[in-house]
Ligand code: FUB
């Protein structure tokens, strides 16, 4: 595994930079590997497009970083990408991850420690395949790891595992969270102590199969087209023990500047996957990926459950098809953790990164060019 990774990681940065250049030319064009990029672009231009930041770890592939500060230390809960030899498709079958490695750093530019496997798919009794983007939370001396994985019927559910240490190992509960579905759990604990889980993802994330509250295996592979309202993320309040939903799963409404729901055709603004919540000066910031248009965007609201009003782009497309992030305060600054495919040039072998997130005086977020 390590040898394989090292070979791939020696691919010239030039290739990665060329792919990044291609990705930035159009946010509606599916981003592909460096080999699909125009090789005739001059080396000088490629140099000028150097990535904003460098991978945090290089000896394993990591993605979907959910970062938290626990006990004064930065912990990152990423997906652990592997080469599973599965052909790429729109359902994301090639993202066939099997475990999580938990990472930590004392400070933003500090050394990154890999704490090894914190949870393995073989130790999740109900899991079938594809351990996707996780998140973590802390309450009353216990750390909670939330993870989406397909069950043995190939339906994505969300599970929870616990540990007394933020770096694990985590022990999975015997069954998924009742009523959970789809992918990308993000848990936000509000200043009043109430915790909420945001979740959902389109296409391979199966959210479109859950309309009407029931799983429909025959639903279209993708979302509705045209002028129908977009499918939205979901939110549920968590129970006091952080292991169940306390109350109904609700739709997270995202409105445009006229107070109208974003439409499915509005592909550069509508929710696709990778939701994250943070609070700044009393406002709730819901950020998410627009999926096939490869943007990280945000919407704000006055309540953790919405409605939210679309505000703008946080990050332009990264190299790679997916884009996924988390936003946290560290000391007196805010940071965004994200991923791209700088090391491999392959959509399914990603590497996590971090950069500062800056705001204007009115709280709006400055757009980052990664
Ligand atoms: O890592 C697998 C999936 O890719 C995640 O769940 C999505 O958010 C996307 O990053």
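The values are calculated or read from the model by the stated rules, or taken from the named source; none is laboratory data. Please read these numbers as outputs of a predicted model, since none were measured by experiment. Every residue, glycine as well, gets a Cβ built from its backbone with ideal geometry; the counts of neighbours run over all protein chains shown.
Of the residues making up the stretch 106-123, those that are at pLDDT 95 or above, more than 16 Å from the ligand (Cβ to nearest atom) and farther than 16 Å from residue 60 by Cα are 106, 107, 108, 110, 122, 123. Scanning the stretch 239-251 for residues that are buried (at least 16 other Cβ atoms within 10 Å of the Cβ) and free of Cβ contacts under 8 Å to residues at least 60 places away in the same chain yields one hit, 251. Among the residues making up the stretch 133-144, those that are in contact with a strand residue (DSSP E or B) (Cβ under 8 Å, 6 or more places away or on another chain) and closer than 18 Å to residue 193 by Cα are 135, 136, 137, 138, 139, 142, 143, 144.
Filtering the stretch 273-299 to residues that are more than 11 Å from the chain's Cα centre (by Cα) and within 21 Å of residue 193 (Cα to Cα) leaves 277, 278, 279, 280, 281, 282, 283, 284, 285, 286. The residues of the stretch 152-178 that are within 16 Å of the ligand (Cβ to nearest atom) and farther than 26 Å from residue 116 by Cβ, listed by number, are 154, 155. Counting only strands (runs of 3 or more DSSP E) that sit completely within the stretch 117-188, those holding 2 or more residues that are closer than 19 Å to residue 324 by Cα and assigned by TED's automatic domain parsing to the domain that holds residue 66 correspond to 135-139, 142-151, 156-163.
Put simply, of 181, 147 the only residue that is modelled with pLDDT of 95 or more and away from the ligand (no atom under 11 Å from the Cβ) is 181.
Pairing each residue of the stretch 59-72 that is without any contact (Cβ under 8 Å) to a residue 24 or more places away in the chain with any residue that is within 16 Å of the ligand (Cβ to nearest atom), provided the two are 6+ apart or on different chains, yields no C-beta distance under 9 Å. Looking across the stretch 318-340, the residues that are touching a residue at least 60 places away in the same chain (Cβ under 8 Å), under 14 Å from the mean Cα position of the chain (by Cα) and assigned to a loop (DSSP other than H, G, I, E, B) come down to 318, 320, 321, 322, 324.
Here residue 99 meets the list (1) out of contact with any helix residue (DSSP H, G or I) (no Cβ under 9 Å at 6 or more places or on another chain); (2) free of Cβ contacts under 8 Å to residues at least 60 places away in the same chain; (3) within 16 Å of the ligand (Cβ to nearest atom) almost entirely, failing just condition (1).
If you go through the stretch 85-96 and keep only what is within 14 Å of the ligand (Cβ to nearest atom) and either at pLDDT below 95 or farther than 16 Å from residue 122 by Cα (or both), you end up with 86, 88, 89, 90, 91, 92, 93, 94, 95. For the stretch 301-317, a residue qualifies if it is free of Cβ contacts under 8 Å to residues at least 60 places away in the same chain and more than 20 Å from residue 65 (Cα to Cα), and the qualifying residues are 301, 302, 303, 307, 308, 309, 310, 311, 312.
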